[in-house]
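The values are calculated or read from the model by the stated rules, or taken from the named source; none is laboratory data. What you are looking at is a predicted structure, and each value in this text was computed from that prediction instead of being measured. Backbone-built Cβ (ideal geometry, glycine too); neighbour counts: all protein chains shown. The protein model used for the area step is the full one, side chains on, heavy atoms only, and it has no ligands, DNA or RNA in it. Shrake-Rupley method; radii C 1.70, N 1.55, O 1.52, S 1.80 Å.
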Amino acid sequence: MYVRWFRDLKLGDRPAVGGKGASLGELTSAGIPVPPGFVVTTRAFETVLAALDPEGLIRREIERLDGGDLEAVSAVTDKIRSRIAAGALPGDLVRAVAAAYEELAGPDKPVAVRSSATSEDSSEASFAGLQDTHLCVRGTASLMTSLCACWASLYSRESVTYRLRLKLPEREVAMGVVVQRMLESRTSGVMFTRSPVTGDRSVIAIEASWGLGSALVSGEVTPDKYVVSKVTGEIVKRTVSAKTLRHVAAPDGGVRVEMLEGQTQLEPALNDAEIHALAEVGKRVELHYRSPQDIEWAVAPDGEAGEGVYLLQSRPETVWARRDAAPVAKPAARAYDHVLAALGKGRR
Amino acid sequence: MRAPNAKPFPLPSEITDVAGAEGWRDLYPYYTRFRPEDDRRFWFYNSMHFPEPMPAFDAITGEVAYTGLGAYTTRVFAFPTALGIEHRIVNGRVYITAHAVSDPDEVQRRLKVFQERAPHYYENWPALYGEWEKRLHGLITEIDAVEVPELPDFEDAAVVFEAEGIAQNHYVRAAFNRCIELYSKMWHHHFEFLMLGYGAYLVFFQFCKQIFPEIADQTVARMVAGIDVLMFRPDEELKRLAKLAVELGVDAPFLSGGSPQAMLEAISRMGEPGRRWMEELDRSREPWFNVSTGDGFYHHHRSWNDDLSVPFSALPRYVTMVKAGQSIDRPTEQLKRERVRIIAEYRALVPSDAERDAFDQMLGLCHVVFPYVEDHKFYCEHWFTTRFFKKIREFGALLERQGVLDEGEDVFHLQHYEIDQALVDVMLAWAAGVPPVGAAHWKPIVRERKEIVERLKGWNAPPALGPLPESIEDPAVQMLWGITSETLAIWSRDPATVGDNQLTGFAASPGVVEGIARVLRDVNEIGLMQEGEILVCPVTAPSWGPVFGKIRAAVSDIGGTMSHAAIVAREYGMPAVVGTGQATSRIRTGQRLRVDGNLGIVTLLD
């Protein structure tokens, strides 16, 4: 099978659809608002790769590389990438993808085409930003081009170096590709269900900017920041930043930068109701996965059908998960021993 | 600790006298004056307890309080790092400083004693507090029982025929000294448990900040604070009486305006229902109307029993709401459920079993100490103190009858040492059969001092004096006054680096509103408060409870997230910013404000 829909997928389907695909499937099944879509499976990828390289030489060549020798790595990866990008696609694969696209967004609505590798988005490795994402893709032809580009990005120098450093075996690495309805969001951003700054488990940290999330993720914009208590629901901290630009859909596909002036820069990109709605979804997802999440989200343009907040990605938070925290206190023989100890400490 | 552009606080020696009030030093004993060496220490204006200039007699409230506080910290429990509080008075305002123990060996020496003694109270807290309540009841009975002698033309014959051996004038000074003695005992009892209680709070707050670095102080306060606190009872009694009045059909007098006297007369003419309501009023009055309109530090803050116009001013509003079918009840069940939920959810987020057990222990201890920490005020600063001032008033009446003072209330413009002198003057005069000479001496002094106190009211007292301390050790300073390194940074911020039109303080209760400010420096002014205005005050006391139903937000000069203003504002669901240091001096009545209780920022909009 070359195509699987989100609603039929769960986390356990990672080998078939990659980390992102499985995660979006899991969220959809859990009733979390996610823009609908399908995944071009790893079977498709393996089929294309096998047609190019029946003996699996590509993978073996990569495993022999010295990750420190960037020139050597580039030489190999550039070659592999161009082979994949140029390769012919089997007819039944093209038909399956085209049919799915037609059902999802035909004939011409924009979709996001996003890499979904089998080794990414786990709590050990996030692979953040390493593989391709193509936004605002319209039409079957562009879709196929983007598809090949995503497969090829598995063999970008950055991705390969990353895998070599983590010593991930190549045969366990394959690429699924997510094809998802494109939300031309009014506001988008990221959300951590555990404070990225302090590791505080009781707050949700939200960053928001105007337009598509690519502006924030790429670091081109200083976002608004909000900290929300999971327990009281109160917004305990607010910082509104000057948001100087945003990314919007380009008319012929892809993304365009738009500069922002005056009022719009300093207007909060989220209102309180949206902040609370986001925090609620964040709590639900964290509860579902039983671990703190690193989430990408978007708010649909005002007045559109399907208003509200959507999640585009949710993966385990990796920074604080790795840190061993020694307990700050242990139970004492008597409750007031804590007081005796604290008051007897002398100058702090 | 301090913002880079911060203006340092002035030194005590740099403070100049308020124009026209240069004689203020005569109002207070020598040991309250700033000395040159005080310039080396950090002092903060205790506007929480002393928001107005001190009349001469009222300075006894700080004086006696600090004898008790320090004794318990320094000498009784031997807190390892904290010694007592010292106070000074300048331009009529009370500044205090807390001492820290710096020598590590001394800390250890004290720690040994502390570890032997503190456990006795922590382990037996509820039982000891029960005994304490009885002792306070005893002190209240004793102060009421003090008799101010009549000084008759001839002694009662019983003195001769029962060979008592002592004439009435002896008892004048003895009775006055007894009042001071009982007052002192009250303050010692006041502090008996208090510092240990704040110690428990401090430890839990610090623990929560380590586990949840971004938790709001007000959220920790919500986990600690109990719901059934005595200081809420007086307002609850008013609500009960309002509901009863409507139920019995005797509510009309409350809506007609008029004095409490007039209202009560009207009700007593309403037959059996009226009689029943009056009976219930009497039940509420003892002890709940013994609440003061202040916080226990000024003679002019009288109890509701002394002056029914304060509680009765809230009744029309409550009656109207009851008749309109609106609920006026404090939602205690909901508050309890919320508290249980918040505690459970934070507890579930604690990362390890060991830390969760520690959390339970520390919070559990806070819950044990909380009733005393909150309720002692009702017994001490409200019930006992208003009776104490009432008794002193009787001595004032004696001095007025003897022609020494123009009116009894003037007695509060004499220091307690001076009242002693004035009474001896009266004793001598009665003994000699001549009028006392005091009038010529005291009346001009009283006149001058009234003028001085009036002028001192206009002074913008700096929130602090002297160099910033290295650390704040004292649990009370942190928990009660809310003075932490952050507060100091806020206070010392140069106005040029903050928005000219902004004040910062502690975010005490969430929400953002805009509205018109009403600056009230004196709780006796609460009648001026209009519906929907924003209250700006030095600090609120529980007596201000009825006004919270009217206002849209609260801003105070001092107080932390455990303060009364914060707790009540949270319950009423309105924004509050406390501990701004300067709200009452920077904001004018009628000014438009935005109060952001999430961030602790007050913006002056015009």
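Here's the list of aspartates and glutamates a cross-link from A:LYS330 could span, going by alpha-carbon distance under 13 Å and ignoring same-chain residues fewer than 8 apart: B:ASP353, B:GLU355, B:ASP357, B:ASP360. What pairs from A:LYS345/B:LYS209; A:LYS345/B:LYS185; A:LYS109/A:LYS283; B:LYS185/B:LYS239; B:LYS185/B:LYS390; B:LYS112/B:LYS134 go past 28 Å between their alpha carbons? Violating the 28 Å limit, Cα to Cα: A:LYS345/B:LYS185; A:LYS109/A:LYS283; B:LYS185/B:LYS239; B:LYS112/B:LYS134. Leaving ligands and nucleic acids aside, the A/B contact buries around 3600 square angstrom of accessible area in total at a 1.4 Å probe radius.
Overall shape of segment B:373-472 was characterised from the C-alpha gyration tensor. The equivalent ellipsoid obtained from it has semi-axes of 34, 20, 13 Å, in decreasing order. Sequence-distant contacts, meaning Cα pairs under 8 Å at least 6 residues apart, place the relative contact order of segment B:276-407 at 33 percent.
Shown for segment B:299-362 is the translational diffusion coefficient from the Stokes-Einstein equation, using the Kirkwood radius over Cα pairs, a temperature of 4 °C and a viscosity of 1.567 mPa s: 81 µm²/s. From the alpha carbon centroid of segment B:441-486 to that of segment A:1-17 is 70 Å. Taking a straight line from the alpha carbon of A:LYS167, not one of the lysines sits under 18 Å away once near neighbours fewer than eight places off in the same chain are left out.
Using only the C-alpha atoms, the convex hull of segment A:118-262 corresponds to 144 Å³ per residue. In segment B:1-123, Rg over Rh equals 1.05, where Rg is the alpha-carbon radius of gyration and Rh the Kirkwood radius from pairwise Cα distances. Rg/Rh for segment A:1-129 (Cα atoms only, Rh after Kirkwood) is 1.01.
Taking the empirical scaling 2.2 N^0.38 Å for compact globular proteins as reference, segment A:51-121 has a Cα radius of gyration ratio of 1.49. Each DSSP beta bridge with both residues in chain B is either parallel or antiparallel, and the antiparallel ones are about 75%.
Taking only the C-alpha atoms of segment A:262-348, the Rg (one decimal) and the largest Cα-Cα distance, Dmax (whole number), read 21.4, 62 Å. A quarter of the convex hull surface defined by the alpha-carbon atoms of chain B gives 31.5 nm² as the mean projection. The magnitude of the dipole of segment B:217-308, with charges of +1 and -1 set on the Cβ of Lys/Arg and Asp/Glu and taken from the Cα centre, is near 120 debye. The calculated 222 nm mean residue ellipticity attributable to helices in chain A amounts to -11000 deg cm²/dmol, summing -39500 (n - 2.57) over DSSP H runs of n ≥ 4 and dividing by all residues. In µm²/s, what is D for segment A:197-348 at 25 °C and 0.890 mPa s, where D = kT/(6 pi eta Rh) by Stokes-Einstein and Rh is the Kirkwood radius from Cα pairs? In µm²/s, the coefficient rounds to 134.
For a distance above 35 Å, tell me the whole-number percent of Cα pairs in chain A that qualify.
Result: 29 percent of Cα pairs exceed 35 Å.
Averaged over the residues of peptide B:213-224, the number of Cβ atoms from other protein chains lying within 10 Å of each residue's Cβ is 4. Ordering of B:259-272, A:250-263 by packing is B:259-272, A:250-263, highest average first (other Cβ atoms within 10 Å, averaged per residue). Here the mean projected area of the convex hull built on the C-alpha positions of the protein assembly as shown is 49.6 nm². Partner lysines whose Cα lies under 23 Å from the Cα of A:LYS243, excluding those fewer than 8 positions away in the same chain, are identified as A:LYS225.
Entry note, chain B: the mean residue ellipticity at 222 nm calculated from DSSP H runs of n ≥ 4, each adding -39500 (n - 2.57), is -15000 deg cm²/dmol after division by the residues and rounding to the nearest 500.
Inter-chain Cβ neighbour count for A:68-80, averaged per residue, equals 0 (cutoff 10 Å, partner chain atoms only).
Temperature 20 °C, viscosity 1.002 mPa s: under these conditions the Stokes-Einstein estimate for segment B:267-339, based on its Kirkwood radius over C-alpha pairs, is 145 µm² per second. In segment B:79-120, Rg over Rh equals 1.20, where Rg is the alpha-carbon radius of gyration and Rh the Kirkwood radius from pairwise Cα distances. Relative to its residue count, segment B:20-83 spans a Cα convex hull of 127 Å³ per residue. With all pairs of different C-alpha atoms in the average, the Kirkwood value for the hydrodynamic radius of segment B:428-493 is 16.6 Å. Note on segment B:298-451: percent of Cα-Cα distances in each 5 Å bin, starting at 0 and stopping at the bin with the largest distance, equals 2, 7, 10, 11, 10, 9, 9, 8, 7, 7, 7, 5, 4, 3, 1, 0, 0. Based on alpha carbons, the Rg and Dmax found for segment A:188-256 are 13.9, 46 Å.
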